[in-house]
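This report refers to the structure that appears directly beneath it.
The values are calculated or read from the model by the stated rules, or taken from the named source; none is laboratory data. Everything quoted here is computed from the prediction, not taken from an experiment. Here the Cβ positions follow ideal geometry from the backbone for every residue, glycine too, while neighbour counts run over all protein chains shown.
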Amino acid sequence: MRYGDKDVLTGVEFSIEQGEVVCLLGPNGAGKTTTIEILEGFRERSAGEVTVLGEDPRRASEAWRARTGVVLQSWRDHPRWTPRTLLDQVGGYYAPYATPDRPRPVPTDELLDVVGLVDLADQKIATFSGGQRRRLDVAMGIIGRPELLFLDEPTAGFDPQARREFHHVVHRLADLEHTTILLTTHDLDEAEKLADRVMILAGGRIVADDTAEHLALRAALEVEVKWSRGGERFVHSTGDATDFVRRLLAEPGEPVVDLEVRRASLEDAYLDLVQQHEAGESDEAVRAFREVV
């Protein structure tokens, strides 16, 4: 993707299998939303090939669109409508595309329950908080019982309880509805909880693509061990935490207390790659990381 003389995406290449939950991570301006919008058919790419559910999104039909669900970063709704009337109206567009495997749309009352808006079903949308509007956005995205769901920063503005409930919705869609999901988020903990695979976008390219666990393990070989002894606090990095802790506990003297073993996390892997890229070391970092992965 190119805007004027600036390449935003350069050689982005990946595939997602049916039923996968994949998270696309990257710093602001990396091109995550642009990538999602190209796949949704909302933005025309400058070059390259894209196939989504067997079709080019740029020329996709209404029947293709009925198989997909979209939750954008922001959504212009109808403030004088209520969730019930809005979902009833939108749901009617999906009815002609119902199949035995995927009855469409999801009944409004069931959908309101899934996103936690039952008590607000007949309240005007203009009175909603940001988090409540976001729940309605999610309802709009899944009302057609999509085979493929795009979620662009879906939990922005959610409180911890609402975020947890949304995670249950995602797991339900993936496990029971066999929905393929591609999401973006800045919440790395959310990515670890939801995604089967994590892709990191930096410098217009996919620089890492693996499970969150594998990315974390391969990003750092050393483990940080913290402990207290005799009133002092100690920190040590080691490549073999099991052996080090065994020897530590066997040492004579004051007992070891407050022992903590911290392994690398997805956040560590993500920040390491992004910081290397921003420091101008991206080419070597990407090659080294890909060799490890």
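Identify, please: which residue in segment 158-189 is within 18 Å of ILE16 (Cβ to Cβ) and acidic (Asp, Glu) and is, among those, surrounded by the most Cβ atoms within 10 Å (Cβ to Cβ)?
Taking segment 158-189 first, the residues within 18 Å of ILE16 (Cβ to Cβ) are 170-171, 173-175, 177-185.
The next check asks that each one be acidic (Asp, Glu); those that pass are 175, 177.
Working: ASP175: 11, GLU177: 17.
So the residue we want is GLU177.
Which residue is nearest to ASP187 (Cα to Cα), if the candidates are limited to segment 147-173 and must be among the charged types (D, E, K, R) and touching a strand residue (DSSP E or B) at 6+ places or on another chain (Cβ under 9 Å)? Steps first, please.
Filtering segment 147-173 down to residues among the charged types (D, E, K, R) leaves 147, 152-153, 159, 163-165, 172.
So of that shortlist, the ones also touching a strand residue (DSSP E or B) at 6+ places or on another chain (Cβ under 9 Å) come out as 147, 152-153.
Details: GLU147: 24, ASP152: 12, GLU153: 9 Å.
It comes out as GLU153.
For the subset of segment 58-112 comprising residues that are of a type in the set (A, V, I, L, M) and in a loop (DSSP other than H, G, I, E, B), which member is surrounded by the fewest Cβ atoms within 10 Å (Cβ to Cβ)? Steps first, answer last, please.
The first filter runs over segment 58-112 and keeps only residues of a type in the set (A, V, I, L, M), leaving 60, 63, 66, 70-72, 86-87, 90, 95, 98, 106, 111-112.
Imposing the further condition that a residue be in a loop (DSSP other than H, G, I, E, B) reduces the set to 60, 66, 72, 98, 106.
Values: ALA60: 17, ALA66: 22, LEU72: 19, ALA98: 14, VAL106: 20.
Among residues in segment 58-112 that are of a type in the set (A, V, I, L, M) and in a loop (DSSP other than H, G, I, E, B), the one surrounded by the fewest Cβ atoms within 10 Å (Cβ to Cβ) is ALA98.
Please tell me if ASP119 is part of a helix (DSSP H, G or I) and either touching a Gly at 6+ places or on another chain (Cβ under 8 Å) or at pLDDT 95 or above (or both). Can you show your working first?
On the way: part of a helix (DSSP H, G or I): yes; either touching a Gly at 6+ places or on another chain (Cβ under 8 Å) or at pLDDT 95 or above (or both): yes.
Answer is yes for this residue.
Please go through (1) in a loop (DSSP other than H, G, I, E, B); (2) under 18 Å from ASP88 (Cβ atoms); (3) touching a residue at least 60 places away in the same chain (Cβ under 8 Å); (4) out of contact with any strand residue (DSSP E or B) (no Cβ under 7 Å at 6 or more places or on another chain) for GLY144 and return the number of the only condition it doesn't satisfy.
Unmet condition: (4).
Checking the conditions here, which among THR99, THR82, THR155 is modelled with pLDDT of 95 or more and assigned by TED's automatic domain parsing to the domain that holds GLU40?
Values: THR99 fails: modelled with pLDDT of 95 or more; THR155 fails: modelled with pLDDT of 95 or more.
Of THR99, THR82, THR155, the one residue that is modelled with pLDDT of 95 or more and assigned by TED's automatic domain parsing to the domain that holds GLU40 is THR82.
Among the numbered criteria (1) surrounded by 15 or more Cβ atoms within 10 Å (Cβ to Cβ); (2) at pLDDT 95 or above; (3) acidic (Asp, Glu), which one does GLU37 miss?
Failed condition: (2).
Among the listed residues LEU25, LEU53, which satisfies the condition of being surrounded by 20 or more Cβ atoms within 10 Å (Cβ to Cβ), in contact (Cβ under 8 Å) with a residue 60 or more places away in the chain and either more than 18 Å from ILE181 (Cβ to Cβ) or in contact with a helix residue (DSSP H, G or I) (Cβ under 8 Å, 6 or more places away or on another chain) (or both)?
On the way: LEU53 fails: surrounded by 20 or more Cβ atoms within 10 Å (Cβ to Cβ).
The match here is LEU25.
Can you tell me which residue among GLU192, GLU232, GLU165 is assigned by TED's automatic domain parsing to the domain that holds ASN28 and free of Cβ contacts under 8 Å to residues at least 60 places away in the same chain? Walk me through how you get there before you give the answer.
On the way: GLU192 fails: free of Cβ contacts under 8 Å to residues at least 60 places away in the same chain; GLU232 fails: assigned by TED's automatic domain parsing to the domain that holds ASN28.
When all the criteria are applied, what remains is GLU165.
Which number in (1) touching a strand residue (DSSP E or B) at 6+ places or on another chain (Cβ under 7 Å); (2) free of Cβ contacts under 8 Å to residues at least 24 places away in the same chain marks the one condition that GLY239 misses?
Of everything listed in (1) touching a strand residue (DSSP E or B) at 6+ places or on another chain (Cβ under 7 Å); (2) free of Cβ contacts under 8 Å to residues at least 24 places away in the same chain, GLY239 misses just condition (1).
Take segment 36-57 and flag every residue that is in a helix (DSSP H, G or I) and touching a Pro at 6+ places or on another chain (Cβ under 8 Å).
Within segment 36-57, the first condition is being in a helix (DSSP H, G or I), and the residues that meet it are 36-40, 57.
Scanning segment 36-57 gives ILE38, LEU39, GLU40.
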